[in-house]
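Q: Structure incoming, see below.
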Amino acid sequence: MTQSTSPLTAELPPSSPLQPVNKVALDADSRRSRLREFQSHLLERMQAARSGSEAQESQLGLLIGSSRWLLNLQEAGEIVAVDQISRVPLTHDWYLGLSNVRGTLISVIDFARFQGQGLTQIDKECRIVAFAPTFSFNSGLLVSRVMGLRNVAQMTLQAPDPLDQTGARRYLDSDSQVWTELSMAQILHDPRFLQVGL
């Protein structure tokens, strides 16, 4: 007995115009694949900048008040948008209060004000840059804007400022903008930073 093939179950040749092709699904798969590749490449760059050979060259650019700063990625913790900050009475005006960052209360410091500049106007560009977990210090700096990774190898190291007691290095970029290194470790050793009360 010969088994007959039903026209409904017969396989169409690949060249047949009746072969079903779901172009939308193929396009979506292609986009997902490209997105995965992009995310993977970005993650590799960030990890290399945090712990590899780029650690000293790639630093996070921050705008704090009217000044540009460079932060070593190994000293930075989470970077979050500014949410509700609960004020604490009888504290300096640069101590903004407490904020909940993923279930952890951190103190928020207006670093521009701490440096003697005016109070930072909080807007959608502002961010809180938390101290890295290695410091075991639940605090973060309010910054006006995060400006992405900056390569100090492409900048010119400036002569030390004799009036600056911190010894922070300063760099000049190709747009003649001055960038100052920001050390979270050094901030923690400043006695003023630890005395938030009036």
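Each reported figure results from applying straightforward, stated rules to the coordinates on display, with no laboratory input. Nothing here was measured: the structure is a model prediction, and the numbers come from that model. A quick note on method: Cβ atoms are made from the backbone with ideal geometry, for glycine too, and the neighbour counts reach across all protein chains shown.
Q: Find the Rg to Rh ratio for the range 58-194, where Rh is the Kirkwood radius over alpha-carbon pairs and Rg uses the same atoms. Show your work: numbers first, answer last.
A: Working: Rg = 14.8 Å, Rh = 15.5 Å.
Answer for the range 58-194: 0.95.
Q: Follow-up. Contour minus end-to-end for T166 and D93, with contour as 0.36 nm per residue of separation and end-to-end as the Cα-Cα distance? Don't skip to the end; give the middle numbers.
A: Numbers: separation 73, 0.36 × 73 = 26.28 nm, distance 2.25 nm.
Length gained, T166 through D93: 24.0 nm.
Q: Given a Förster distance of 45 angstrom, what is the FRET efficiency for D29 paired with Q177, based on the Cβ-Cβ distance and rounded to 0.05? Please report the intermediate quantities before stating the final value.
A: Values: r = 43 Å, r/R0 = 0.96.
About 0.55, to the nearest 0.05.
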